[in-house]
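Presented below is the structure to which this report refers.
The values are calculated or read from the model by the stated rules, or taken from the named source; none is laboratory data. Since the model is a prediction, treat every value here as computed from it, not as a measurement. Note that we place each Cβ from the backbone using ideal geometry, even for glycine, and neighbour counts take in every protein chain shown.
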Amino acid sequence: MIIFFRAIFFLSIILIFYLSLLPASQLVFFSALSFIGDKVSHSIIFFYISILGMFCNFKINNLNLLFLVFSFGLLIEVIHYYHPSRYFELADLLANFLGIFLARIIYFLLKKT
């Protein structure tokens, strides 16, 4: 089961990275979102990859894993700074962090029971 979770985790990372490189106009669903809707989608996406990553039981500490997930989001935002049809947003990083933080809390509560 762990191998399945890890495969889904890495495929998700690849898909998120690929979609982040596309021009925003090609992502019809996401381009139709409001400012708040965009930030909610960032939080959900980073919640998903964070909680999935923690359930993968990698050989690194979960806090280090979450730091790497946040760094992945930061890398995407830096790429957006240089991408001709995307732009860097601190609000995206904050939304990413919120998703990661919520994943950590929920994972802790699930493991506690």
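Kindly establish whether Glu77 is surrounded by fewer than 17 Cβ atoms within 10 Å (Cβ to Cβ), farther than 18 Å from Phe5 by Cα and out of contact with any strand residue (DSSP E or B) (no Cβ under 7 Å at 6 or more places or on another chain).
Against the criterion (surrounded by fewer than 17 Cβ atoms within 10 Å (Cβ to Cβ), farther than 18 Å from Phe5 by Cα and out of contact with any strand residue (DSSP E or B) (no Cβ under 7 Å at 6 or more places or on another chain)), Glu77 does not qualify.
Filter the stretch 84-112 down to the residues that are of a type in the set (Val, Ile, Thr) and without any contact (Cβ under 8 Å) to a residue 24 or more places away in the chain and list them by number.
Ile105, the sole residue that qualifies.
If you go through the stretch 1-18, how many residues are of a type in the set (A, V, I, L, M) and within 21 Å of Asp92 (Cβ to Cβ)?
4
Among the residues of the stretch 22-36, which ones are surrounded by 12 or more Cβ atoms within 10 Å (Cβ to Cβ) and under 15 Å from Asp92 (Cβ atoms)?
Ala24, Leu27, Phe30, Leu33
Residues His42, His80: which one is more than 17 Å from Tyr107 (Cα to Cα), part of a helix (DSSP H, G or I) and in contact with an Asp or Glu (Cβ under 7 Å, 6 or more places away or on another chain)?
Unique residue meeting the criteria: His42.
Pick from Phe72, Phe67: which is assigned to a helix (DSSP H, G or I), modelled with pLDDT of 95 or more and surrounded by 16 or more Cβ atoms within 10 Å (Cβ to Cβ)?
It is Phe72.
Tally up the residues in the stretch 11-21 that are surrounded by 14 or more Cβ atoms within 10 Å (Cβ to Cβ) and of a type outside the set (A, V, I, L, M), please.
Matching residues across the stretch 11-21 total 2.
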